[in-house]
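The values are calculated or read from the model by the stated rules, or taken from the named source; none is laboratory data. Just so it is clear, the structure is predicted and the values come from calculations on it, not from any experiment. All Cβ positions, glycine included, derive from the backbone under ideal geometry; neighbour counts span all protein chains shown.
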Amino acid sequence: MKIRPLDEQDYASVVELGKKLRNTDDGKGWFTEDAYQKNIPFDICIQKGFVAEGGGNILGFITYTSYDTPPMTPLIGWIAVDPSHHRKGIGANLIEKVETEILKTGVKELYVETPTREAGIGSDYESTYEFYLGVGFVLDKVRLKNAPDNNCGCDMAVLRRVLE
Ligand SMILES: CC(C)(COP(=O)(O)OP(=O)(O)OC[C@H]1O[C@@H](n2cnc3c(N)ncnc32)[C@H](O)[C@@H]1OP(=O)(O)O)[C@@H](O)C(=O)NCCC(=O)NCCS
């Protein structure tokens with residue numbers, strides 16, 4: 001498995017990967033139709049990122065962007081790993097690669113947003129929350145479902161990791 005920068009030739013494979021992780025009527029999965037049909041295709045063109053490649057296939061990807069509060073603080077945009085390759089360290093490797101890039105800028109923290117542990121109970125977001133804790137993020141604050149800056153439909157956890 002190799003991790004390399006995301007480039008234009010990866011766009012179609014990355015969108016297909018997002019589609020594999022779509023949520024279904026039984027409440028399983030992660031990404032909404034808007035996410036894989038609109039948001040991911042747009043964001044991968046404007047955000048920086050990396051892909052994990054193995055056997056000629058894209059097995060995972062990550063993007064990152066700057067965050068407005070606190071100023072100039074990086075935020076993970078999207079991260080996904082092919083379900084048949086979960087729990088093999090690919091997600092952790094993608095995060096590590098982003099961290100290395102951020103440290104080069106002198107910034108020493110990274111944020112990510114995901115449904116709170118409570119909001120994720122009973123869904124696959126339970127494992128997502130565990131993943132972030134597993135790679136060293138801690139809860140920084142909660143953006144409540146009804147807050148004006150929250151359009152995610154559930155309470156969102158803002159998780160922070162201090163980079164060394
Ligand atoms: C979240 C995701 C990217 C993690 O990728 P991954 O390659 O499976 O994760 P890793 O194998 O690198 O896991 C690293 C560590 O995180 C923790 N972890 C990961 N998955 C976990 C799970 N299901 N339960 C508990 N801990 C978990 C563990 O500590 C793990 O280390 P270990 O395997 O040595 O115990 C992947 O599950 C995924 O694509 N999820 C769907 C999309 C998604 O949730 N995106 C983020 C939206 S906010």
When you check Ala119 against the structure, is it farther than 24 Å from Val14 by Cβ, touching a strand residue (DSSP E or B) at 6+ places or on another chain (Cβ under 9 Å), among the small types (Gly, Ala, Ser) and more than 12 Å from the ligand (Cβ to nearest atom), yes or no?
no
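Keeping to region 125-146, report how many residues are within 8 Å of the ligand (Cβ to nearest atom) and over 22 Å from Val51 (Cα atoms).
Applying the first criterion (within 8 Å of the ligand (Cβ to nearest atom)) to region 125-146 yields 125-128, 130-135.
Of the ones still in play, those that are also over 22 Å from Val51 (Cα atoms) are 126.
Selection size over region 125-146: 1.
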Scanning region 30-47 for residues that are part of a loop (DSSP other than H, G, I, E, B) and modelled with pLDDT of 95 or more, which turns out farthest from Thr116 (Cα to Cα)?
Gln47
Top-ranked residue of region 89-109 - restricted to ones that are without any contact (Cβ under 8 Å) to a residue 40 or more places away in the chain and not in a helix (DSSP H, G or I), ranked as farthest from the ligand (Cβ to nearest atom)
Gly106
Mind listing whichever residues of region 6-60 are over 11 Å from Ala80 (Cβ atoms), basic (Lys, Arg) and either in contact with an Asp or Glu (Cβ under 7 Å, 6 or more places away or on another chain) or in contact (Cβ under 8 Å) with a residue 40 or more places away in the chain (or both)?
Lys28, Lys48
Is there a residue being touching a residue at least 24 places away in the same chain (Cβ under 8 Å) and out of contact with any Ser or Thr (no Cβ under 9 Å at 6 or more places or on another chain) anywhere in region 66-76?
no
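Any idea how many residues of region 121-143 are in contact (Cβ under 8 Å) with a residue 60 or more places away in the chain and under 20 Å from Leu75 (Cβ atoms)? It would help to see each step written out before you state the result.
Start the filter on region 121-143 by keeping residues that are in contact (Cβ under 8 Å) with a residue 60 or more places away in the chain, which leaves 122-125, 128.
Next, only the ones that are under 20 Å from Leu75 (Cβ atoms) stay: 125, 128.
Summing the residues that are in contact (Cβ under 8 Å) with a residue 60 or more places away in the chain and under 20 Å from Leu75 (Cβ atoms) in region 121-143 gives 2.
Of Ile44, Ile79, Ile3, which residue is closer than 22 Å to Leu110 by Cβ, among the β-branched types (Val, Ile, Thr), within 11 Å of the ligand (Cβ to nearest atom) and surrounded by 12 or more Cβ atoms within 10 Å (Cβ to Cβ)?
Working: Ile44 fails: within 11 Å of the ligand (Cβ to nearest atom); Ile3 fails: within 11 Å of the ligand (Cβ to nearest atom).
On inspection, the qualifying residue turns out to be Ile79.
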Kindly evaluate Gly55 against the criterion of being surrounded by fewer than 13 Cβ atoms within 10 Å (Cβ to Cβ) and over 27 Å from Arg143 (Cα atoms).
yes
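Condition first: outside any helix (DSSP H, G or I) and loosely packed, with under 14 Cβ neighbours inside 10 Å. Now tell me which residues in region 110-151 satisfy that. Before you say what the answer is, go through the steps one by one.
First pass over region 110-151, keeping only residues outside any helix (DSSP H, G or I): 110-116, 121-124, 135-151.
Answer for region 110-151, where residues must be outside any helix (DSSP H, G or I) and loosely packed, with under 14 Cβ neighbours inside 10 Å: Ile121, Gly122, Val138, Lys141, Leu144, Asn146, Ala147, Pro148, Asp149, Asn151.
It is to be established whether one or more residues within region 117-132 are within 23 Å of Asp26 (Cα to Cα) and among the β-branched types (Val, Ile, Thr).
Going residue by residue through region 117-132, those that are within 23 Å of Asp26 (Cα to Cα) are 117-131.
Next cut, among the β-branched types (Val, Ile, Thr) only: 121, 128.
Within region 117-132 (the criterion being within 23 Å of Asp26 (Cα to Cα) and among the β-branched types (Val, Ile, Thr)), the answer is yes, since at least one residue qualifies.
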Give all pairs with beta carbons closer than 7 Å in which a residue from region 144-161 that is polar (S, T, N, Q) meets a residue that is loosely packed, with under 15 Cβ neighbours inside 10 Å; count only pairs at least 6 apart in sequence or on separate chains.
Asn150/Leu144
Given the conditions (1) more than 10 Å from the ligand (Cβ to nearest atom); (2) more than 21 Å from Val162 (Cα to Cα), every one holds for Met72 apart from (2)
